[in-house]
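Here, each number is a calculation from the coordinates, and none is a lab measurement. Everything quoted here is computed from the prediction, not taken from an experiment. No Cβ is skipped: glycine too gets one built from the backbone with ideal geometry, and neighbour counts run over all protein chains shown.
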Amino acid sequence: MDKVLLDTDIFSEILKGVDRTVVARAVAYRVALGRYTLSVVTVMEIVKGLHKIRREDRVQQFLAGLPTVEVLPFDLQSAELAGRIYADLERLGQTIGRADPMIAALALHHNLILVTGNQTHYRRIQKVGYDLQLDNWR
C-alpha cells in the first residue's frame with residue numbers, strides 16, 4: 001500500500017466515522033502504514049469548521065490527536081507550485097479556491113496520491129497539465 005495524502009473531506013469522514021467504506025479503507029491504511037498524512041491546510045480547514053460552529057471542545061480534541069498523524073508543512077516549493085496551479089486555473093476561469101491548489105501542490109511536491117472525494121476540483125488541476133494522482137476511498 002502506498003503512502004497517500006488525505007484531503008480534508010476524507011479525513012473529516014474518517015473522524016466522523018459515518019461512511020463505512022471510507023472507515024474500512026482508513027483502518028486498513030492505518031494498520032499498513034501506521035499513521036495518516038495530512039497537510040497543514042487540512043488542519044486549518046478542520047479548525048475553521050469546528051470553530052465556526054463554536055465547538056471549541058472538538059477543536060481541542062482534534063489538536064490533541066495531531067501528534068498521531070504526519071502533518072506536512074507548506075514550504076516555499078509547495079507555495080510556488082500552488083501559485084502556478086492557481087494561476088493556470090484562473091487563466092482558464094476554472095478556479096477552485098485557494099486551499100485545494102495548496103493541498104494539490106503538497107501532494108505533487110511529496111509525490112503522494114491525493115485521497116479525496118472532491119474529484120471534480122482536482123481533475124481540473126490534472127487537465128491543466130499537472131500529474132496529480134487521485135484516489136477516492138468512497
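Students often forget the sequence filter, so: which lysines lie under 20 Å Cα-Cα from residue 48 once same-chain residues fewer than 8 apart are removed?
16
Full-extension gain between residue 126 and residue 91, please, as 0.36 nm times their residue separation minus the C-alpha to C-alpha distance. Mind showing how you got there, number by number?
Values: separation 35, 0.36 × 35 = 12.60 nm, distance 1.48 nm.
Gain on extension, residue 126 to residue 91, equals 11.1 nm.
Which value, in debye to the nearest 20, describes the size of the charge dipole of the chain about its Cα centre when Lys and Arg Cβ atoms bear +1, Asp and Glu Cβ atoms bear -1, and nothing else is charged? Present the calculation step by step, with values, prior to reporting the outcome.
Working: 18 positive and 16 negative charges, 77 e Å.
Approximately 380 debye in magnitude.
Give me 78, 39 sorted ascending by neighbouring Cβ count inside 10 Å, so fewest comes first.
On the way: 78 24, 39 29.
In increasing order of surrounding Cβ atoms, one gets 78, 39.
Got a sec? How would 85, 46 order by Cβ neighbour count within 10 Å, fewest to most?
If I rank by nearby Cβ atoms, fewest first, I get 46, 85.
In whole Hz, what ³J(HN,Hα) sequence does region 64-76 give by Karplus (6.51, -1.76, 1.60; θ = phi - 60°), x for Gly and Pro?
5, x, 4, x, 8, 10, 8, 10, 7, x, 8, 8, 4
Rounded to whole Hz and in sequence order, give me ³J(HN,Hα) for region 90-104 from the Karplus expression 6.51 cos²θ - 1.76 cosθ + 1.60, θ = phi - 60°, writing x for Gly and Pro.
Per-residue couplings from phi come out as 5, 4, 8, x, 10, 4, 9, x, 8, 5, 5, x, 5, 5, 4 Hz.
Can you compute 3J(HN,Hα) from phi for each residue in region 115-132, using the Karplus curve 6.51 cos²θ - 1.76 cosθ + 1.60 with θ = phi - 60°, rounded to whole Hz and x for Gly and Pro?
Couplings: 8, 8, x, 9, 5, 4, 4, 6, 5, 4, 5, 4, 5, 8, x, 8, 7, 7 Hz.
Looking only at 100, 57, 88, which one moves most when the chain is put into a Gaussian network model with springs between Cα atoms under 10 Å?
57
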